[in-house]
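Structure first, commentary second.
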Amino acid sequence: MKERLKPYILLIPIMAVIIGIFAFGILMGFLQSIGIFKAAGLTEITLKYYREVLGSKSFIDSLEFSLYIALVSSIISIVLGVLLAYSIYKSKIRTGMERIFNIPIVVPHMVSALLMYNILAQSGTFPRILHSFGLIKEQASFPSLLYGKNGVGIILSYMWKEIPFIAMTTYAILGNISNKLSDVARNLGANNRQVFRHILLPLIGPTVFSSFIIIFAFSFGAYEVPLLLGPTSPQTLPIKAFIEYSNPSLINRPYAMVINMILTFISIVLVWLYNKAFSLMTKYKW
Amino acid sequence: MNKNNLLFRFITYLFMAFLILPLIVIIIWSFTKIWPWPLIFPKEFGLRGWEYFLDPKNNSLGVLLYSITLSTVVTIITLIISIPAGKALGIYEFKGKKLIEILIFAPIIVPTVAVAMGVHITFLKLGLANTFLGVVLIHLPPCIPYGVRILKNVFEIIGESLELQAKVLGANSFQTFINITLPLIAPGIVSAGTMVFIVSFSQYFLNLLIGGGRVITFSMIMFPFVKSGDRMLGSVYSIVFILTTMVFLGLMEILIKKYYKSSGFY
């Protein structure tokens with residue numbers, strides 16, 4: 001009996017934190033989003049806040065902008081990250097060199113935003129270099145990549161951190177796959193591209209996919225980078241939620257919570273997908 | 001074949017440049033006095049940025065130490081609760097494991113923004129908002145997944161056989177943990193601890209909301225410089241930020257290696 005209870009006992013402290021803070025926070029947010037918020041004198045369940053938020057043009061713009069940023073930055077990071085991992089694997093650069101790609105892990109997103117600002121602002125390094133080659137005459141002739149609706153600065157900040165992350169997780173697997181599989185395929189007449197497509201890609205697939213979910217969810221729910229490098233309109237959902245939240249009138253809180261719940265809902269769908277990826281991963285044990 | 005290798009090498013170095021050049025730019029900026037457009041190198045170098053950072057009037061060092069303390073506390077608590085959880089998930093099979101795993105890893109996916117706003121009012125009622133303890137608590141959910149994930153993998157690798165052997169030989173649970181388990185998982189503790197420290201140290205929004213302007217962390221005093229586009233000071237604070245985590249990583253590795261000479265044996 002004691003043995004059967006053991007794992008549960010070991011899990012009590014962590015579950016206390018997860019349920020007491022994490023799950024509780026989501027639950028409270030949910031209750032406020034459907035209009036139950038005693039502190040503001042609201043006690044009746046209503047879907048009015050959802051209707052209002054979902055029906056507002058500025059919310060839809062924000063949702064689109066958030067999805068756009070998260071999707072574009074994650075997809076580019078995945079593609080380039082896998083390409084980078086494969087290049088490191090193929091080029092056999094000196095061992096230890098690949099450690100350089102671990103640097104972005106210790107650099108917070110706020111700093112990666114500053115890095116991109118330094119390079120890409122109209123007074124930044126990149127326009128200065130173009131100017132020295134005589135390609136642009138003055139600051140203003142460099143297109144403004146930051147603070148715009150195209151979100152170039154935000155996307156590049158994420159890419160700077162995420163490409164190495166994807167590359168390192170993928171490289172860890174590529175390095176562990178024995179060469180035998182590729183050799184067999186080559187003996188049977190496969191070329192490099194076919195080996196990559198039919199041998200390596202299926203093996204790294206599940207890891208790459210679960211990393212995709214992680215970086216997508218992060219950039220979808222992050223606050224700092226879009227605040228630092230994004231346009232004033234449309235804002236991403238987390239910023240919008242915080243603006244509603246900071247409104248001194250408590251009556252406004254449910255709007256913030258509705259935005260949070262939609263963020264959370266989209267994320268939960270992602271957790272579900274993530275879990276699917278995990279079960280796939282165990283299927284491909286090598 | 002050879003031509004191909006060259007191409008892959010070129011791609012690798014290209015990415016390395018994308019990674020490193022912006023970092024070199026902030027190092028230069030941090031030592032700059034005057035750097036007007038359109039010069040590619042500064043006109044004059046100076047230490048004004050570093051002097052500002054070290055000036056006791058601005059108390060940046062104090063905030064840095066406070067932040068390090070906060071994240072160290074978060075790291076220790078996270079490790080203490082993640083070790084048993086990692087063991088449970090890494091070694092045992094039990095009912096409801098799947099669900100518990102999903103719950104533990106969910107904070108990676110669910111935005112912390114939503115969680116923090118949800119608990120804020122309760123934290124206010126409990127007197128936890130605007131306190132050190134409150135900020136420590138709100139850091140735990142986003143840190144836990146990293147701690148548990150790494151430790152779970154470690155327990156999966158080492159299994160339970162050595163612990164059982166110690167118990168058969170008459171060791172009690174505490175002795176087994178100190179003499180067998182801890183040395184075995186030491187490398188895992190280092191990597192989990194460093195990941196957790198990084199996650200905690202980089203938080204901005206959680207400190208802003210739950211700290212309520214009373215708990216001031218390093219990311220918070222740095223934010224305005226980045227926001228206002230103050231390149232020199234932004235760069236100085238960024239470098240301090242990165243160095244702090246690197247020093248923490250180094251120290252942790254050295255400490256554990258010294259303490260557990262046996263750690264290399266699995």
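The values are calculated or read from the model by the stated rules, or taken from the named source; none is laboratory data. Small disclaimer: the values here were computed from a predicted structure and weren't measured. Neighbour counts run over all protein chains shown; Cβ positions are idealised from the backbone, glycine included. Only protein heavy atoms, including side chains, enter the accessible area calculation; ligands, DNA and RNA are left aside. Shrake-Rupley method; radii C 1.70, N 1.55, O 1.52, S 1.80 Å.
For chain B, what is the calculated [θ] at 222 nm in deg cm²/dmol (nearest 500), taking -39500 (n - 2.57) for each run of four or more DSSP H residues and dividing by its residue count?
When only DSSP H runs of four or more count, the value is -25500 deg cm²/dmol.
Check B:Lys33: other-chain or 5+ apart residues with amide H under 5 Å from its amide H, H built from backbone geometry?
Correct list: B:Glu44, B:Phe45, B:Gly46.
Looking at chain B as a GNM with Cα springs under 10 Å, which of B:Val74, B:Val190, B:Val168 has the largest mean-square fluctuation?
B:Val168
Once ligands and nucleic acids are excluded and a 1.4 Å probe is used, how much of A:Phe218 is accessible, expressed in Å² to the nearest 10?
90
Can you tell me the FRET efficiency between B:Phe132 and A:Asn187 if r is taken as the Cβ-Cβ distance and R0 is 56 Å, rounded to the nearest 0.05?
Working: r = 63 Å, r/R0 = 1.13.
FRET efficiency, B:Phe132 to A:Asn187: 0.35.
Give me a single rounded figure for A:123-131: the average over its residues of other chain Cβ atoms within 10 Å of their Cβ. Show your work: numbers first, answer last.
Numbers: counts 6, 5, 7, 2, 2, 6, 2, 1, 4.
The mean count of partner-chain Cβ atoms within 10 Å per residue comes to 4.
With each pseudo-label sitting 7 Å past Cα toward Cβ, what's the A:Leu27-A:Leu280 distance in nm, one decimal?
3.4
Can you pull the one-decimal nm distance between simple spin-label points at A:Ile177 and A:Ile243, each 7 Å off the Cα toward Cβ?
Taking the simple label geometry, A:Ile177 and A:Ile243 are separated by 4.6 nm.
Which net charge results for the neighbourhood of B:Ala88, defined as the other residues with beta-carbon distances under 11 angstrom from its beta-carbon, given Lys and Arg at +1 and Asp and Glu at -1? Walk me through the numbers on the way to the answer.
Values: positive: A:Lys6, B:Lys87, B:Lys97, B:Lys152; negative: B:Glu93, B:Glu101.
With Lys, Arg at +1 and Asp, Glu at -1, the net is +2.
Please enumerate, by chain and number, the lysines with C-alpha under 25 Å from the C-alpha of B:Lys43, excluding those fewer than 8 residues away in the same chain.
Hits, sequence-local ones excluded: A:Lys137, B:Lys33, B:Lys227.
Check B:Ala129: other-chain or 5+ apart residues with amide H under 5 Å from its amide H, H built from backbone geometry?
B:Leu124
Could you work out the longest stretch of chain B that avoids the GluC sites (Glu not before Pro) located in DSSP loops with at most 16 other Cβ atoms within 10 Å?
The segment B:161-266 is the longest one with no such site.
Taking a ≥ b ≥ c as the square roots of the Cα gyration tensor eigenvalues, with a/c under 1.5 meaning rounded and otherwise prolate when a/b beats b/c, else oblate, which class fits chain A?
oblate
Under the Karplus relation 6.51 cos²θ - 1.76 cosθ + 1.60, θ = phi - 60°, what is the ordered set of whole-Hz ³J(HN,Hα) values for the range B:160-171, x standing for Gly and Pro?
Using θ = phi - 60°, the values come out as 10, 4, 5, 4, 4, 4, 4, 5, 4, 7, x, 6 Hz.
Can you give the accessible area of A:His131, probe radius 1.4 Å, in Å² rounded to 10?
Accessible area of A:His131: about 50 Å².
Residue-wise, which Karplus ³J(HN,Hα) couplings in Hz belong to the range A:148-159, taking 6.51 cos²θ - 1.76 cosθ + 1.60, θ = phi - 60°, and x for glycine or proline?
x, 6, 6, x, 4, x, 4, 4, 5, 4, 5, 4
Using the Karplus equation 6.51 cos²θ - 1.76 cosθ + 1.60 (θ = phi - 60°), what ³J(HN,Hα) coupling, rounded to whole Hz, does each residue of the range B:79-91 give in order, writing x for Gly and Pro?
5, 4, 8, 7, 4, x, 5, x, 5, 4, 7, x, 10
Over the whole of B:222-232, what's the average partner chain Cβ count within 10 Å per residue? Rounded to a whole number, please. Can you show the working numbers first?
Numbers: counts 4, 4, 0, 2, 9, 8, 0, 8, 1, 6, 0.
Per-residue shielding by partner chains comes out at 4.
So if R0 is 35 Å, what FRET efficiency would B:Ile254 and B:Val168 give, r being the distance between their Cβ atoms, rounded to the nearest 0.05?
0.50
Provide a whole-number value for the mean count of partner chain Cβ atoms within 10 Å of the Cβ atoms in peptide B:21-28.
Shielding by partners across B:21-28 averages 5.
Rounded to the nearest 0.05, what FRET efficiency do B:Asn59 and B:Lys125 give with R0 = 35 Å and r taken as the Cβ-Cβ distance? Could you check?
0.70
Hey, rough spin-label estimate for B:Glu160 and B:Ile178, points 7 angstrom out along Cα→Cβ, what's it come to in nanometres?
2.4
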